[in-house]
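Single-structure report; data block below.
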Amino acid sequence: MMTRKLTLFIAMLAASAVLKAQTIADILSQTNQALGTEVLEEKKTIQFDLIQKHQDGSQSVRVTAKGNNKIRADIQQESGQLSLIRNGSSYMMEVGFNTKEITSTQTKKNLNRQHLIKGLLKILDLDEGATFEERTTEAGRNLVRIKSEEGNKKSILWIDSETWLPVRHREVVTRNNGKKKVTVTNFKGYETVDGVTLPMRQNIKVTMPNGNEFDETYILSNVELGIRVSNSFFTSRQ
C-alpha cells in the first residue's frame, strides 16, 4: 500500500511539473531557455558547416551570419566556390571575382533558408493567436502541441515536455485557388555549443500544391559562436 501511495505521489508531482508550463508564454519561455536563445543573441555571430542532401545529390556549405540580416553561404562546387551573400536588403552572387546581383526570389529564399537557426527562432516567434492544443505521447516521449493560424497560414509545433526542445513543425499555406503547400520540419540530434543548444540535423519535406514533393536533410557541424566577422565579409570583393 505504501509503495502504491508513493508511486501515486510521484506521478502527481510529475503532472504538477508539466502543468507549470500550461500557458503558451510559459511553454515558449521554457523552450527559449532550453535552446539558449538569449545567449545566441548575445553572441551576435554564428558560423557552421552544412551538408545539404536532396533528391539530386548533396552539397557542402559554410554558413556565416551576423545579426538578423547579414548572411553568407559559401557553396563548394566542382567548378569552384559559389558564394551567396545577403547584406540587409542587398543580395549578391559571387563566383571567383565575378559578382552579380541576385534578382531571383527563389534564390533569395534559398540563401535565407541556409540560416537554419534563424528559421528555428522564427518558428518560435508565435503571435498572440497561438493556442495550446493538446498533450500527446509519441514514441515514448511526452509532447505538447501548439497551434497557430495567421491569414492563409496554419501551423502546428510539437515540443518535448521534458526537454522543452522543438521536435517537429508543420505549416500549411492555402493559396487563392484552395490548393495547399505543406512543409514539415523535424528537428533531431540536439547538441549544446557554448550555452546554445542546436538541432544538428533537420529534415524538411515539402508537398507542393501540384502534388510534387521535395525532401531535404540538413546536417550541421563545426558550429562556432561569437566569432569576429567584419561587415566587409558580407560585401562583394569588387
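Descriptive notes on the structure:
- Among the candidates Thr64, Thr99, Thr23, the residue that is hydroxyl-bearing (Ser, Thr, Tyr), farther than 30 Å from Ala130 by Cβ and modelled with pLDDT under 90 is uniquely Thr99.
- Sole residue being at pLDDT below 85 and within 28 Å of Asn212 (Cβ to Cβ), chosen from Leu50, Leu82, Leu116: Leu116
- Check on Gly178, surrounded by fewer than 16 Cβ atoms within 10 Å (Cβ to Cβ) and out of contact with any strand residue (DSSP E or B) (no Cβ under 8 Å at 6 or more places or on another chain): yes
- Only one entry of Thr64, Thr137 meets the criterion of being within 29 Å of Gln33 (Cα to Cα) and more than 17 Å from the chain's Cα centre (by Cα), and that entry is Thr137.
- When residues of the stretch 94-129 are limited to those that are among the basic types (Lys, Arg) and more than 11 Å from the chain's Cα centre (by Cα), the one farthest from Ala73 (Cα to Cα): Lys100
- Being farther than 30 Å from Gly151 by Cβ, touching a residue at least 40 places away in the same chain (Cβ under 8 Å) and in contact with a Phe, Trp or Tyr (Cβ under 7 Å, 6 or more places away or on another chain) is a property that holds for Asn222.
Table: residues versus (1) closer than 25 Å to Thr207 by Cα; (2) exposed (fewer than 12 other Cβ atoms within 10 Å of the Cβ); (3) among the polar types (S, T, N, Q).
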| site | (1), (2), (3) |
| --- | --- |
| Gly96 | no, yes, no |
| Thr105 | yes, yes, yes |
| Lys108 | yes, no, no |
| Leu126 | yes, no, no |
| Ala130 | yes, no, no |
| Lys154 | yes, no, no |
| Trp158 | yes, no, no |
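- Residue selected from the stretch 102-134 under the condition of a type in the set (D, E, K, R), part of a helix (DSSP H, G or I) and touching a helix residue (DSSP H, G or I) at 6+ places or on another chain (Cβ under 9 Å), by the criterion farthest from Thr185 (Cα to Cα): Lys118
- Checking each residue in the stretch 135-174 for being polar (S, T, N, Q), under 22 Å from Gly189 (Cα atoms) and without any contact (Cβ under 8 Å) to a residue 60 or more places away in the chain picks out Thr136, Thr137.
- Meets criteria (among the hydrophobic types (A, V, I, L, M, F, W, C), surrounded by fewer than 16 Cβ atoms within 10 Å (Cβ to Cβ) and closer than 21 Å to Glu150 by Cβ) for Val184: no
The values are calculated or read from the model by the stated rules, or taken from the named source; none is laboratory data. A quick note: this is a predicted structure, and the numbers were derived from the prediction, not measured. Ideal geometry is used to build each Cβ from the backbone, glycine not excepted, and the neighbour counts take in all protein chains shown.
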